[in-house]
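Everything below concerns the one structure shown next.
The values are calculated or read from the model by the stated rules, or taken from the named source; none is laboratory data. Since the model is a prediction, treat every value here as computed from it, not as a measurement. Virtual Cβ from ideal backbone geometry, glycine too; neighbours counted across all protein chains shown. Note: areas computed on protein heavy atoms with side chains; ligands, DNA, RNA excluded. Shrake-Rupley method; radii C 1.70, N 1.55, O 1.52, S 1.80 Å.
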Amino acid sequence: MKIFVIFVFISLHILPCLCFTSFVFGDSLVDAGNNDYLFTLSKADSPPYGIDFKPSGGKPTGRFTNGRTISDIVGQALGAKSFPPPYLAPNTQVDAIHRGINYASGASGILDETGSLFIERVPLREQVNYFEQSRNYMVNVMRENGTKELLKKAIFSLTTGSNDILNYVQPSIPFFEGDDKVSPSTFQDYMVFNLTTQLKRLHELGARKFIVVGVGPLGCIPFVRSLNLLASGKCSIKVNDLIQGYNKKLNKALDQLNQQLGPEAIFVYANSFDIVLRIILNYHQYGFENAIEPCCGGNFPPFVCFKGPNANTSALCDDRSKYVFWDAYHPTEAANIIIAKMLLDGDESVSFPINIRELYNYNS
């Protein structure tokens, strides 16, 4: 083991690093397989999940879509040769140095209580704890200065908050329920406070380049449309208003962090709400034929997307590239490609104050 550590240490100082290193935090939108190692109801470990994921030959990897996630696509566009592995997979710590690590967990949220009905999941606070353990490993291999230099250049992305919102608006969820349910404004503030607390922790641990993704238009996803018995093509105004209020407060909080901690640190707000809503409302312009129904799992409860033992798939669409939604909650890879492209090269209306490609090249 000592020989291996010495080799890694020497190679990092002699060979120029042409790699793209990213540390991914969040929920099922970016989970790369962590939930496969948990006792949880939130899993994507069976077909047809991953059916279009080429590195696995179409086998499930724990990603909650048919192919790549947005973070996968962004990483490849910025030169990554492989994807950050899930933290909970065996023997991934060494990957923290060369590729980064994915800490995201399906059903998780900003708040520890979020997703409790799914049993095990890794809340954002615990994901940051995991990163701290990864950092300790890096220090053992690269020393403190080497670790600081690596983290200074790495990109930290956080895609979380959707499940907190869903838990708040869903009926019969034992979370801020009944007379104890806080007001929408208080709930938004609570989410922002807890998220910025974790951002500051990451900054203290050496993170300098952040992408913080706002919550998308959940009022338009098949799950919420069905739950609220909305007419075809209609979105829940109540849910989307709650999200837009939260996103506005989040954007303001990130602006304050930029003023307090910049320019050596920079926090980019990714406006996923407007991007996804634009795709849904103008889906034909983006090459889609269906922006209402999920490709897999059907449009009514229990929304299960699976491939049974007799090889019959539950309501799988014929052409996945023509659907915005893969299942009742998540976009298809085709939609993820469009979203990633906008975040990479878009203007300030979708990525503020700079886009992700500019963030990658950013030097304070």
### Message
Restricting to the stretch 134-153, name every residue that is more than 14 Å from Val94 (Cα to Cα) and surrounded by 21 or more Cβ atoms within 10 Å (Cβ to Cβ).
### Response
Leu151
### Query
Restricting the stretch 67-106 to residues that are open to solvent by 10 Å² or more (accessible area, probe 1.4 Å) and in contact with a Gly (Cβ under 7 Å, 6 or more places away or on another chain), which is nearest to Phe156 (Cα to Cα)?
Pro84
### Task
Determine which member of the set Ser105, Ser71, Ser56 is in contact with a strand residue (DSSP E or B) (Cβ under 7 Å, 6 or more places away or on another chain), at pLDDT 95 or above and hydroxyl-bearing (Ser, Thr, Tyr).
Ser71
### Message
Being farther than 30 Å from Glu293 by Cβ and in a loop (DSSP other than H, G, I, E, B) is the filter here; which residues of the stretch 187-235 pass it?
### Response
Leu205, Gly206, Ala207, Arg208
### Any hit, the stretch 62-76, residues being more than 14 Å from the chain's Cα centre (by Cα), in a loop (DSSP other than H, G, I, E, B) and hydrophobic (A, V, I, L, M, F, W, C)
no
### Task
Quick one: in the stretch 20-51, of everything that is of a type in the set (A, V, I, L, M, F, W, C) and part of a strand (DSSP E or B), which residue is farthest from the chain's Cα centre (by Cα)?
Phe23
### Task
Determine whether Ser272 is surrounded by 14 or more Cβ atoms within 10 Å (Cβ to Cβ), within 30 Å of Leu254 (Cα to Cα) and at pLDDT 95 or above.
yes
### Task
Run down Asp274, Asp255 and say which single residue is more than 30 Å from Leu151 (Cβ to Cβ) and among the charged types (D, E, K, R).
Asp274
### Query
Could you say whether any residue in the stretch 168-179 is open to solvent by less than 20 Å² (accessible area, probe 1.4 Å) and under 22 Å from Val128 (Cα atoms)?
no
### In the stretch 220-244, residue surrounded by the fewest Cβ atoms within 10 Å (Cβ to Cβ) [restricted to those that are aliphatic (A, V, I, L, M) and closer than 22 Å to Ser183 by Cα]
Ile237
### Task
Inspect the stretch 107-130 for any residue being under 30 Å from Lys81 (Cβ atoms), in a helix (DSSP H, G or I), of a type outside the set (Asp, Glu) and out of contact with any Phe, Trp or Tyr (no Cβ under 8 Å at 6 or more places or on another chain) and give the result as yes or no.
yes
### Query
Can you spot a residue in the stretch 249-269 that is under 22 Å from Phe53 (Cβ atoms), among the small types (Gly, Ala, Ser) and open to solvent by less than 60 Å² (accessible area, probe 1.4 Å)?
no
### Message
Being in contact with a strand residue (DSSP E or B) (Cβ under 8 Å, 6 or more places away or on another chain), of a type in the set (D, E, K, R) and at pLDDT below 95 is the requirement here; does Lys322 meet it?
### Response
no
### Message
So, in the stretch 275-296, exactly how many residues are polar (S, T, N, Q) and either crowded, with 19+ Cβ neighbours inside 10 Å or in a helix (DSSP H, G or I) (or both)?
### Response
1
### Task
State whether the residues of the stretch 331-338 include one that is touching an Asp or Glu at 6+ places or on another chain (Cβ under 9 Å), part of a loop (DSSP other than H, G, I, E, B) and crowded, with 23+ Cβ neighbours inside 10 Å.
yes
